[in-house]
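Q: Can you keep this structure in mind? I'll have questions shortly.
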Amino acid sequence: MKIIRAEKMGFCFGVKKAVEACYRIAEKKSKNKYILGMVVHNKDVVDEMKRIGFVIIEEEEILNGKDPLVKGDTIIIRAHGTTAEITNILKQKQIEIIDATCIFVDKIKEILIERESLGDEIIFIGDKEHPEVKGIVSFGKKINIFKNLNELKEKPLNSSKKYSVLTQTTLNKEKFMDIKEYLQKHYSNAKIFDRICGATSERQEATRKLSRVCDIVIVIGDLKSSNSKKLLEVALTENPNSYLVQNDIELDLSIFSESMKIGITAGASTPEDIIKKIENKIRGNFNVEY
Ligand code: SF4
């Protein structure tokens, strides 16, 4: 038996930094530590955060004044960031904010503020319900959000205005290229910023390659995590013998046989220790080549 890991897998840069920030704060502060929302879409990680003393609170609780926060408490902002309104409330309440917003998300926010100050109208491509998008656009004045090219085509732009076009970090690169081509063809007054983060597409591409050369593929991740489910979809298109497994406890060893080449991959929200536990469980039960 052989285990092959995907070339790119597991925590992305931004999530890794946010989780490290949580551990650092857990060591320093003995009480009243909060995380805004899920630091990562992974139940095991969230449970671990609760175990080391964090309380998870949601944005709605803060907006509705139903949160337990008091002056001097500490709150960690997850990698997706949060809205201007939440940030202001936290500041007014004199909460210590540990901002673990990913630098790639912050960069888009910075460009948006700068371009608006120069008089541009902002076109934002992304999912308006996604926390990252809600956070970024909340720092602007009047943002036009479009989910995709079709939506964008429905609203002709004004040729006498200046536009800046920004996107969600995880927008699909091919979709972005289609949008860029359309805008360049029809609107010379639109300045397009490519700030897509490659973490998601890199993991998907690595999974695709891996799935082609393995007998079975194990995608490790939370069953509810959209990036893990997407990885499973990619794996299944190449290899029908692919499974999404949350952790070592959930791993059913009967799906393996001694001669198999096992491919292992994981989404950007899956920590290395969960991946290792799965590998160790397989190694403990089969003869695995090193
Ligand atoms: S996916 Fe990219 S933008 Fe999002 S947190 Fe990870 S590194 Fe940052």
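The values are calculated or read from the model by the stated rules, or taken from the named source; none is laboratory data. A quick note: this is a predicted structure, and the numbers were derived from the prediction, not measured. We place every Cβ from the backbone using ideal geometry, glycine too, and count neighbours over all the protein chains shown.
Q: Just checking, which of SER226, SER242, SER164 is modelled with pLDDT of 95 or more, of a type in the set (S, T, N, Q) and within 24 Å of HIS130 (Cβ to Cβ)?
A: Result of the check over SER226, SER242, SER164: SER164.
Q: Looking at (1) modelled with pLDDT under 95; (2) within 15 Å of the ligand (Cβ to nearest atom), which is the only condition LYS109 fails?
A: It fails just one condition, (1).
Q: Under 22 Å from the mean Cα position of the chain (by Cα) and either in the same structural domain as GLU151 (by TED's automatic domain parsing) or free of Cβ contacts under 8 Å to residues at least 12 places away in the same chain (or both): does that describe ILE125?
A: It is true that ILE125 is under 22 Å from the mean Cα position of the chain (by Cα) and either in the same structural domain as GLU151 (by TED's automatic domain parsing) or free of Cβ contacts under 8 Å to residues at least 12 places away in the same chain (or both).
Q: Can you spot a residue in the range 56-77 that is within 16 Å of the ligand (Cβ to nearest atom) and assigned to a loop (DSSP other than H, G, I, E, B)?
A: Looking through the range 56-77, none of the residues is within 16 Å of the ligand (Cβ to nearest atom) and assigned to a loop (DSSP other than H, G, I, E, B).
Q: Taking the condition of a type in the set (A, V, I, L, M) and either in contact with a Gly (Cβ under 7 Å, 6 or more places away or on another chain) or at pLDDT below 95 (or both), does ILE57 pass? Can you show your working first?
A: Numbers: of a type in the set (A, V, I, L, M): yes; either in contact with a Gly (Cβ under 7 Å, 6 or more places away or on another chain) or at pLDDT below 95 (or both): no.
Taking the combined requirement at face value, the residue does not satisfy it.
Q: Scan the range 78-89 and report the pairs whose first residue is under 21 Å from PHE13 (Cα atoms) and whose second residue is acidic (Asp, Glu) and within 16 Å of the ligand (Cβ to nearest atom), with Cβ atoms within less than 7 Å and a gap of 6+ or a chain change.
A: What qualifies is HIS80/GLU132; GLY81/GLU132.
Q: Considering only residues that are free of Cβ contacts under 8 Å to residues at least 40 places away in the same chain and buried (at least 16 other Cβ atoms within 10 Å of the Cβ), which ones fall in the range 208-228?
A: ARG208
So that you can scan it fast, the table gives a plain yes or no per residue for (1) touching a residue at least 12 places away in the same chain (Cβ under 8 Å); (2) under 27 Å from ASN227 (Cβ atoms):
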residue	(1), (2)
VAL133	yes, yes
GLY140	yes, yes
GLU154	no, no
LYS161	yes, no
